[in-house]
Each structure stands twice: as C-alpha cells, then as structure tokens.
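Peer 1: Just passing along the structure, written as structure tokens.
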Amino acid sequence: MSFMREYAEWNDFWWEKAGDYGRRRVLLIGDSITRSYRDRVQMHLKPSGIAVDKLCGSRCAGDPMLEAELDLMTGSVNGYRYDVIHFNNGLHGVCNDTLIPIETYRKGICNIIEILRRNQPNAKIVVATSTPISPRDTHDILLLGKDNDTVVERNAFLRELANQEGLILDDLYALTVGNLSFPKSDYVHFRREAAEAIGDRVAEIVTALLA
C-alpha cells in the first residue's frame, strides 16, 4: 500500500442543523487543524443562517477510506447541498511518524477533487495550503522542522492544482509561517487564539464566496 495509517485513526463527522435540507451550507474538510477552527467559522456565519458542517480526521490523501468518507459526506445518501467546500488536508501522511510518497499525495488530492465535483457540482471549492510543522521538541512558530520540507512540496502542488483547475486557494501556510501572531501548542497544533484567528480568515474567504 502506498498510503499509511497511524497507530490510532480518528474521525469527526458534524452536521449543523441536521435534517434542514433547505438551509445553505458550508463544508469544512480536514484534520485537527480544521476541527480547531470550525466553531469560529460557524460563529461568523450563524447570523446569516449558514450551517457549517465538517468532516475531520486522521486519514491522509490517497487512503481509500478517506475517499469513501468524502463520498458519504457529500453524496446523495445525505441529501445536503453545499455552496462552499473548504478543503485542508495535508499534514497527515507526514506527521505522527508517517510519510507517504508525493505521488500518492498528488493522486489522492486529485481523486478528492473529482469526488467533490461529482457529488457537489455547484459548490465552490477552496483548497487550503497546510500550516507549517515545527521541530518536535519545540512550539516555536519561528522554527521549521525537517518534515516541513514535505509540507512545502505539497503546498506547491496545491497552488499549481488550484491554478490549473480553477479552484480557490486559501494560503494558510503563508498566513501563519514565521508569524508570532499564531503561537503553537505543539509542533503541529496552534493555541486557541491562533486557531480562532485562522478561523477568522477562513470565514472571511467563505463569506465572500457566499455573496
């Protein structure tokens, strides 16, 4: 297998205002970074009546289980239609002692975009670059770990893909790298105030697309 799974895998599905099929919806897809800012995005969009759903987990691009979960979340069995889908998944398969080949990552991302377009043809799709990885023994946002080279390589592919496929790019890497306004709680995750600031940025982009 070219994909890798971690010692323990986790998954977090969330449907806001479940059963309300006529409500406008946004879907956030990603990992624990996405999960940390989902509530902040919902806070911004709640006054407009927008529901913010999420699919977050530990699966890396290229894992067929992730593709099956995305098919479930966005397919006809659910019945929800999304105006905007914000996708941020690039840290798994490089953190937590896993590393997948760049070719696996690229193919996995392309498969995901194909699923989203097939299941949600009217949704505006945003791809977000992954946030930086610090050395494992530090929380310092100013320092970059050896695994960050893989993040940079993946982000370069995302920028190219967005340009080629007409996707919207949310450059969260450029927003956070070396920025003291985004303190970390460990080598990957951000402190609450930083996660909320990322959520503010995501909400700003999503709100503009909903107009």
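The values are calculated or read from the model by the stated rules, or taken from the named source; none is laboratory data. Just so we're clear, the structure is a prediction, and the values are computed from it rather than from any experiment. Please note: Cβ atoms are built from the backbone with ideal geometry, for glycine as well, and neighbour counts cover all protein chains shown.
Peer 1: Out of everything in region 83-93 that is out of contact with any Ser or Thr (no Cβ under 7 Å at 6 or more places or on another chain) and in a loop (DSSP other than H, G, I, E, B), what residue ends up being farthest from residue 18 (Cα to Cα)?
Peer 2: 93
Peer 1: Tell me which residues, restricted to region 140-177, are farther than 26 Å from residue 84 by Cβ and touching a residue at least 40 places away in the same chain (Cβ under 8 Å).
Peer 2: Scanning region 140-177 gives 140, 141, 145, 147, 150, 153.
Peer 1: Which numbered condition in (1) surrounded by 16 or more Cβ atoms within 10 Å (Cβ to Cβ); (2) over 15 Å from the mean Cα position of the chain (by Cα); (3) closer than 23 Å to residue 35 by Cβ is the only one that residue 104 fails?
Peer 2: (3)
Peer 1: Still on this structure: Of a type outside the set (S, T, N, Q), surrounded by 14 or more Cβ atoms within 10 Å (Cβ to Cβ) and within 19 Å of residue 104 (Cβ to Cβ): is that true of residue 39 in this structure?
Peer 2: no
Peer 1: Checking residue 188 against (1) in contact with a Cys (Cβ under 6 Å, 6 or more places away or on another chain); (2) free of Cβ contacts under 8 Å to residues at least 60 places away in the same chain; (3) β-branched (Val, Ile, Thr), only one condition comes out false. Which one?
Peer 2: Looking at each condition in turn, residue 188 falls short on (2).
Peer 1: Does residue 140 qualify as being assigned to a loop (DSSP other than H, G, I, E, B) and farther than 30 Å from residue 49 by Cβ?
Peer 2: Against the criterion (assigned to a loop (DSSP other than H, G, I, E, B) and farther than 30 Å from residue 49 by Cβ), residue 140 qualifies.
Peer 1: Let me ask something else about it. Look at residue 141 and say whether it is crowded, with 16+ Cβ neighbours inside 10 Å, within 20 Å of residue 35 (Cα to Cα) and in contact with a Pro (Cβ under 9 Å, 6 or more places away or on another chain).
Peer 2: For residue 141, the condition - crowded, with 16+ Cβ neighbours inside 10 Å, within 20 Å of residue 35 (Cα to Cα) and in contact with a Pro (Cβ under 9 Å, 6 or more places away or on another chain) - is met.
Peer 1: What do you reckon, is residue 176 more than 27 Å from residue 26 (Cβ to Cβ), buried (at least 16 other Cβ atoms within 10 Å of the Cβ) and hydroxyl-bearing (Ser, Thr, Tyr)?
Peer 2: In short, no.
Peer 1: Right, here's the next one. Please verify whether residue 55 is touching a helix residue (DSSP H, G or I) at 6+ places or on another chain (Cβ under 6 Å) and over 21 Å from residue 157 (Cβ atoms), treating the condition exactly as stated.
Peer 2: Numbers: touching a helix residue (DSSP H, G or I) at 6+ places or on another chain (Cβ under 6 Å): yes; over 21 Å from residue 157 (Cβ atoms): yes.
Considered against the rule, which asks whether it is touching a helix residue (DSSP H, G or I) at 6+ places or on another chain (Cβ under 6 Å) and over 21 Å from residue 157 (Cβ atoms), residue 55 comes out as yes.
Peer 1: Go through the residues of region 128-137 one by one and say whether even a single one is within 27 Å of residue 25 (Cα to Cα), touching an Asp or Glu at 6+ places or on another chain (Cβ under 7 Å) and outside any loop (DSSP other than H, G, I, E, B).
Peer 2: yes
Peer 1: Looking at region 123-139, I want the residues that are closer than 20 Å to residue 182 by Cα and have a partner that is of a type in the set (Lys, Arg) with Cβ atoms under 6 Å, at least 6 apart or on another chain. Which pairs are those?
Peer 2: 139/184
Peer 1: Would you mind finding the one in 166, 199 that is modelled with pLDDT of 95 or more, under 21 Å from residue 27 (Cβ atoms) and out of contact with any His (no Cβ under 9 Å at 6 or more places or on another chain)?
Peer 2: Residue meeting the stated conditions: 166.
Peer 1: Among (1) at pLDDT 95 or above; (2) surrounded by 15 or more Cβ atoms within 10 Å (Cβ to Cβ); (3) out of contact with any helix residue (DSSP H, G or I) (no Cβ under 7 Å at 6 or more places or on another chain), which single condition is residue 156 missing?
Peer 2: Only one criterion in (1) at pLDDT 95 or above; (2) surrounded by 15 or more Cβ atoms within 10 Å (Cβ to Cβ); (3) out of contact with any helix residue (DSSP H, G or I) (no Cβ under 7 Å at 6 or more places or on another chain) is unmet by residue 156, namely (2).
Peer 1: Which numbered condition trips up residue 96, out of (1) of a type outside the set (D, E, K, R); (2) farther than 18 Å from residue 201 by Cα; (3) at pLDDT below 95; (4) buried (at least 19 other Cβ atoms within 10 Å of the Cβ)?
Peer 2: Going through the list (1) of a type outside the set (D, E, K, R); (2) farther than 18 Å from residue 201 by Cα; (3) at pLDDT below 95; (4) buried (at least 19 other Cβ atoms within 10 Å of the Cβ), residue 96 breaks only (4).
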